[in-house]
Every structure is written in structure tokens, then in C-alpha cells.
Amino acid sequence: MAKDGIQVRFWGVRGSIACPGDSYVRYGGNTACVEMRCGPHLLIFDGGTGLRELGRTLEGAPPLDADIFFSHSHLDHVAGVPFFKPLFEAQNKFRLWAGHLKPERGLMDVLCQMMAAPLFPIPPAAFDADTEFNDFTAGERLEPHPGVTVDTAPLNHPNGATGYRVGYNGRAVAYVTDTEHESARLDANILGLIQGADLFIYDSTYTEDEYPGYAGWGHSTWQQGMRLAEAAKVKRFVIFHHDPSHDDLFMDEIAAEAERLRPGTVVAREGMLLSL
């Protein structure tokens with residue numbers, strides 16, 4: 001692990017619903033979960049079904065002191081939380097963060113509603129880890145550890161969502177998923193968040209040909225992400241939150257076209273590791 005930089009590993013790259021099967025082997029079928037290591041500090045973004053796989057790699061590790069940041073609380077981004085084994089290990093400490101719920105409700109309340117009968121047999125109270133729930137307002141700057149900054153911005157998504165920019169030792173990674181673009185202009189909130197970022201992970205659920213049929217659903221296109229990356233002078237753009245209808249062959253076509261238009265563009269795959 002690079003001690004002075006940021007490492008990013010993808011554990012879930014899909015949106016909407018997990019999609020296992022032979023057609024999803026190369027890119028993966030788990031929903032959103034991204035691990036970031038800022039030197040010794042562990043930050044996790046979203047708790048989709050990929051969170052379970054991350055948890056398996058952390059079992060038996062030294063005591064954890066980590067943060068989980070949620071873009072929002074739709075099911076595909078929280079479904080892995082009840083199956084994340086480190087939350088059930090008493091030696092661990094977790095801070096869970098959400099910027100889209102205040103003032104009407106809080107993250108703990110939302111997870112309690114999800115993990116309750118008749119939907120689930122045990123509540124968050126069963127977590128043995130020292131678990132802290134933090135609600136903030138998107139737009140605030142967070143400092144979860146000395147030398148680690150997390151800037152936030154509101155996103156355009158039904159029920160709200162939050163985009164993040166992680167800064168550490170001169171590097172910056174932006175995580176911006178579940179947001180719908182405006183056709184006539186680039187989103188100023190996103191541009192401010194991603195300006196000059198080393199890595200920009202973006203909601204690329206649809207292609208531009210598909211998008212008109214899903215207007216109002218709260219998602220964007222990889223082509224719009226590329227426009228944002230160009231305008232903000234992002235170093236590397238990452239296509240993320242793949243639609244479950246986009247199998248490996250479809251994603252291969254997107255990858256080839258994206259590389260042609262902006263060389264170095266990455267299509268996120270489960271298990272992919274990027275080091276800055």
C-alpha cells in the first residue's frame with residue numbers, strides 16, 4: 001500500500017440491483033461500494049452489495065477505525081450493510097456519514113427501518129462494533145482524520161444524494177454517483193467538487209441514446225461525465241454505476257469508445273485497484 005497517497009479499490013460497480021451471472025464476470029455484478037485508503041486511514045464509499053466482499057477481506061485484521069460515507073440511502077447503496085461482518089466485531093470502530101437526510105430524518109433511523117421486521121430479522125443495535133452515526137448537510141467540509149479532508153456537495157437525485165471529494169497529501173479523488181445532469185449546462189456543484197481531481201468517479205448509468213427514456217430517474221451518462229472531466233481538467237475519469245442491463249459485451253463497447261474519446265478513461269470493474 002502506498003503510504004503517502006490514495007489507493008482506490010472497487011468492490012461494487014453496479015447501480016439499481018445486483019446482477020450475477022455469466023454475462024457479468026469481467027465487470028462484476030455487485031452494487032456500489034468503493035474502498036479508499038488514505039495512507040493508514042480506511043474510508044468506504046457506499047454500502048451496496050459489494051460491501052460484503054470488502055468485509056470478507058477485513059475479517060481477522062487488526063482493530064479497524066474507519067468511516068463509511070453514503071451517497072444516499074436507496075436500497076442498492078445500503079443493502080450490504082447488514083452483511084458487513086466488521087460491524088459485528090467488538091474491537092472495531094466505525095463512523096457512518098450521510099449528507100442527504102437532515103432535517104427530516106437521520107441515517108440511524110433509516111437503517112433501523114431497513115433492518116426491521118418484516119424486512120430483516122435483526123436491527124442495527126446488534127452491531128457489536130463501536131458505531132457512530134453522523135448526519136451532515138451536503139456542502140460541508142468533513143475532516144475524519146488529521147490530513148484527510150472530505151468536501152461534499154448536493155446532487156440531483158430523487159430523495160437527495162451527496163457527492164464527495166477526498167483530499168490527502170496533495171491528491172484528490174471525487175466520488176459522484178446518483179445524479180442527473182441538465183442537458184443545457186454542466187452542474188456547477190459537481191464542477192466545483194471535481195476541479196483538477198486526480199480521479200473522478202461518476203454515475204454513468206446510461207448512454208446518451210438511452211437517457212431520454214429515463215429522464216427524471218436521477219442518473220446520468222458516461223458522455224456527460226466525460227464533458228465534466230474535460231471542463232474541470234480531471235486527470236483520470238472513471239465510468240461507474242453501470243446499469244444492470246449492460247453486460248460485459250456492452251461495457252466493452254463503452255470502454256473502447258471512451259478510450260477513443262479520452263485516452264486513459266477507466267471503466268470500473270470489481271476488484272480494480274487504482275493508486276495515486
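What follows is calculated from the coordinates using simple rules that are stated; it is not laboratory data. Quick caveat: nothing in here was measured; it's all calculated off a predicted structure. Glycine also receives a Cβ, built like all others from the backbone with ideal geometry; neighbour counts cover every protein chain displayed.
Here are a few things to note about the model shown:
- Cα point-scatterer Debye curve for region 173-213, base-10 log of I(q)/I(0) at q = 0.17, 0.18, 0.26 Å⁻¹: -0.51, -0.57, -1.01
- Proximal charge balance of residue 256 [Cβ under 13 Å; K/R count +1, D/E count -1]: -3
- Packing-based order for 142-150, 216-224, using average beta carbon neighbours within 10 Å, highest first: 216-224, 142-150
- Panel order for 70, 250, 136, by other beta carbons found within 10 Å of each beta carbon, from fewest to most: 250, 136, 70.
- Computed from the alpha carbon positions, the gyration tensor of region 220-276 leads to an equivalent ellipsoid with semi-axes of 18, 14, 11 Å, biggest first.
- Dividing the alpha-carbon radius of gyration of region 68-130 by the rule-of-thumb value 2.2 N^0.38 Å gives 1.09.
- Axis of helix 222-231 versus longest Cα principal axis of the chain: the two differ by about 80°, to the nearest ten degrees.
- Taken as Cα centroids, region 40-95 and region 234-260 sit 26 Å apart, rounded to the nearest whole angstrom.
- Computed over neighbours whose Cβ is under 14 Å from that of residue 25, the net charge equals -2, Lys and Arg +1, Asp and Glu -1.
- Sorted on the mean count of surrounding Cβ atoms within 10 Å across their residues, most packed first, peptides 260-267, 205-212 read 205-212, 260-267.
- Annotation: amide H of residue 64 within the under-5 Å range of 92, 93, sequence separation 5 or more or interchain, hydrogens built in the peptide plane.
- The Cα atoms of the chain define a convex hull whose projected area, averaged across directions, is 14.1 nm².
- Most to least packed among 152-158, 50-56, 21-27 [average Cβ atoms within 10 Å]: 50-56, 152-158, 21-27
- Sorted by Cβ density within 10 Å, fewest first, the residues 11, 97: 97, 11
- The local environment of residue 162, defined by Cβ-Cβ distances under 13 Å, has a net charge of -3 under the rule Lys, Arg +1 and Asp, Glu -1.
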